[in-house]
Amino acid sequence: MDQSMNYSCPGLMCVFQSYASTGLAQRSLFNLQIYGVLGLFWTLNWVLALGQCVLAGAFASFYWAFHKPRDIPTFPLSSAFIRTLRYHTGSLAFGALILTIVQIARIILEYIDHKLRGAQNPMARCIMCCFKCCLWCLEKFIKFLNRNAYIMIAIYGKNFCVSAKNAFMLLMRNIVRVIVLDKVTDLLLFFGKLLVVGGVGVLSFFFFSGRIQGLGKDFESPHLNYYWLPIMTSILGAYVIASGFFSVFSMCVDTLFLCFLEDLERNDGSLDRPYYMSKGLLKILGKKNQAPPGDKKRKK
């Protein structure tokens, strides 16, 4: 609304009329939003896949070291990270893309369901719930398959499709062991998270409520009018941190389990194909490696 500096037209003013809606950027705005959401999900899934493959490579290098700890690499995590970035970036991106497409489909279904809520059509709601349930199950299955495919990629270095097929067939041949280990692992990890979160919650309650005496001025709890908010914040932070740490343990269990199954199927304990598992595990399974002739003479 300022006066114009154009002295030839002293009454000239700038009046807002409307936003342009016919330009190239305006016509492509919806497509750009879809591209941004797709890129966001794809990037997040690729970063998660990178972390899983790196951890799998580090844990697999421990298992497949025949003479432990002599044959274990000096920096297994760094070596697995460099190897994954150099050779397996495309495989991780392909697996992340498959998961991203399913997640985008779920988002589209949620949007359609939100639009159809006003219609109150029982048949449409039933069909939508069925589609949502199927896509949820498909997403869980793809996450499970991708996780094991990344482990096989870290072990053998093959592409995503071959690794996913080999991992799936290996798990199907040992389905009983998979179910038992999965349930036991989930139960132990749940109790671990519960112990960490419960311990932090109890300590936070006693600390912020001022019931811990003799801590000194540096550790003295402040006088709070409402101490439940910092307690809940501490519990939430403890849960997030515990979930991050226990996800590493979960990846370790899955990697060592696949390596164990591969070891059982590929090797028989002979001199040409010895077992790579630890001596304690060999004793539990009732198996043993054949010693070379020189070792037998030395034992005698």
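Based on this model, can you work out whether Leu135 counts as in contact with a Lys or Arg (Cβ under 6 Å, 6 or more places away or on another chain), open to solvent by 30 Å² or more (accessible area, probe 1.4 Å), in a helix (DSSP H, G or I) and over 21 Å from Met251 (Cβ atoms)? Show your work before the answer.
Details: in contact with a Lys or Arg (Cβ under 6 Å, 6 or more places away or on another chain): yes; open to solvent by 30 Å² or more (accessible area, probe 1.4 Å): yes; in a helix (DSSP H, G or I): yes; over 21 Å from Met251 (Cβ atoms): yes.
Here the answer is yes, as Leu135 does meet what is asked.
Please find, within the stretch 224-240, the residue that is modelled with the lowest pLDDT out of those that are part of a loop (DSSP other than H, G, I, E, B) and surrounded by 13 or more Cβ atoms within 10 Å (Cβ to Cβ). First the steps, then the outcome.
To start, the set of residues in the stretch 224-240 that are part of a loop (DSSP other than H, G, I, E, B) comprises 224-227.
This time we only want the ones that are surrounded by 13 or more Cβ atoms within 10 Å (Cβ to Cβ), so: 224, 227.
Details: Leu224: 70, Tyr227: 80.
If we take residues in the stretch 224-240 being part of a loop (DSSP other than H, G, I, E, B) and surrounded by 13 or more Cβ atoms within 10 Å (Cβ to Cβ), then Leu224 is modelled with the lowest pLDDT.
Among the residues of the stretch 156-163, is any more than 16 Å from Ala56 (Cα to Cα) and either surrounded by 12 or more Cβ atoms within 10 Å (Cβ to Cβ) or out of contact with any Leu (no Cβ under 9 Å at 6 or more places or on another chain) (or both)? Walk me through it before giving the result.
First, the residues of the stretch 156-163 that are more than 16 Å from Ala56 (Cα to Cα): 161-162.
Subset that is either surrounded by 12 or more Cβ atoms within 10 Å (Cβ to Cβ) or out of contact with any Leu (no Cβ under 9 Å at 6 or more places or on another chain) (or both): 161-162.
There is at least one residue in the stretch 156-163 that is more than 16 Å from Ala56 (Cα to Cα) and either surrounded by 12 or more Cβ atoms within 10 Å (Cβ to Cβ) or out of contact with any Leu (no Cβ under 9 Å at 6 or more places or on another chain) (or both).
Exactly one condition in (1) in a loop (DSSP other than H, G, I, E, B); (2) open to solvent by less than 60 Å² (accessible area, probe 1.4 Å); (3) under 30 Å from Lys165 (Cβ atoms); (4) at pLDDT below 85 is false for Lys287; which is it?
(2)
Take the residues in the stretch 241-276 that are farther than 23 Å from Asp186 by Cα and not charged (D, E, K, R), then tell me which one is least open to solvent (accessible area, probe 1.4 Å). I'd like the intermediate steps shown before the answer.
Taking the stretch 241-276 first, the residues farther than 23 Å from Asp186 by Cα are 263-276.
Right, trim to not charged (D, E, K, R) and you get 264, 267, 269-271, 274-276.
Details: Leu264: 38, Asn267: 16, Gly269: 1, Ser270: 28, Leu271: 95, Pro274: 27, Tyr275: 18, Tyr276: 62 Å².
Ranking the candidates gives Gly269 first.
Only one of these is closer than 30 Å to His223 by Cβ and either open to solvent by less than 90 Å² (accessible area, probe 1.4 Å) or assigned to a loop (DSSP other than H, G, I, E, B) (or both): Val102, Val184, Val202. Name it.
Working: Val102 fails: closer than 30 Å to His223 by Cβ; Val184 fails: closer than 30 Å to His223 by Cβ.
The conditions single out Val202.
When the stretch 56-65 is examined, which residues are found to be farther than 9 Å from Pro76 by Cα and either among the basic types (Lys, Arg) or part of a helix (DSSP H, G or I) (or both)? Show your work before the answer.
Our first condition is that a residue be farther than 9 Å from Pro76 by Cα; within the stretch 56-65, this holds for 56, 60, 63-65.
Ala56, Ala60, Tyr63, listed by residue number.
One line per residue, one yes/no per condition, for (1) open to solvent by 50 Å² or more (accessible area, probe 1.4 Å); (2) closer than 30 Å to Gly280 by Cβ; (3) within 22 Å of the chain's Cα centre (by Cα); (4) hydrophobic (A, V, I, L, M, F, W, C):
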{"residue": "Leu44", "(1), (2), (3), (4)": "yes, no, yes, yes"}
{"residue": "Trp64", "(1), (2), (3), (4)": "yes, yes, no, yes"}
{"residue": "Asp71", "(1), (2), (3), (4)": "yes, yes, no, no"}
{"residue": "Arg106", "(1), (2), (3), (4)": "yes, no, yes, no"}
{"residue": "Leu109", "(1), (2), (3), (4)": "no, no, no, yes"}
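Considering only residues of the stretch 9-42 that are at pLDDT 85 or above and aromatic (Phe, Trp, Tyr), which is least open to solvent (accessible area, probe 1.4 Å)?
Phe41
Does Pro122 meet the test of being free of Cβ contacts under 8 Å to residues at least 24 places away in the same chain and open to solvent by 70 Å² or more (accessible area, probe 1.4 Å)? Break it down into steps so the answer makes sense when it comes.
Numbers: free of Cβ contacts under 8 Å to residues at least 24 places away in the same chain: yes; open to solvent by 70 Å² or more (accessible area, probe 1.4 Å): yes.
Yes, satisfied.
For Ser78, are the conditions met, namely being among the hydroxyl-bearing types (Ser, Thr, Tyr) and open to solvent by less than 60 Å² (accessible area, probe 1.4 Å)?
Numbers: among the hydroxyl-bearing types (Ser, Thr, Tyr): yes; open to solvent by less than 60 Å² (accessible area, probe 1.4 Å): no.
In short, no.
Search the stretch 58-73 for residues that are more than 17 Å from Phe257 (Cα to Cα) and pair each with any residue that is open to solvent by less than 70 Å² (accessible area, probe 1.4 Å) when their beta-carbon atoms are under 6 Å apart and the residues are at least 6 apart or on different chains.
Short answer, once both residue conditions are applied: Asp71/Ala65; Ile72/Ala65; Pro73/Ser61; Pro73/Ser79.
The values are calculated or read from the model by the stated rules, or taken from the named source; none is laboratory data. Because the structure is a prediction, the values reported are computed rather than measured. Reconstructed Cβ throughout: ideal geometry from the backbone, glycine too, with neighbour counts over all protein chains shown. Protein only, heavy atoms only, side chains kept; ligands, DNA and RNA dropped before computing areas. Shrake-Rupley method; radii C 1.70, N 1.55, O 1.52, S 1.80 Å.
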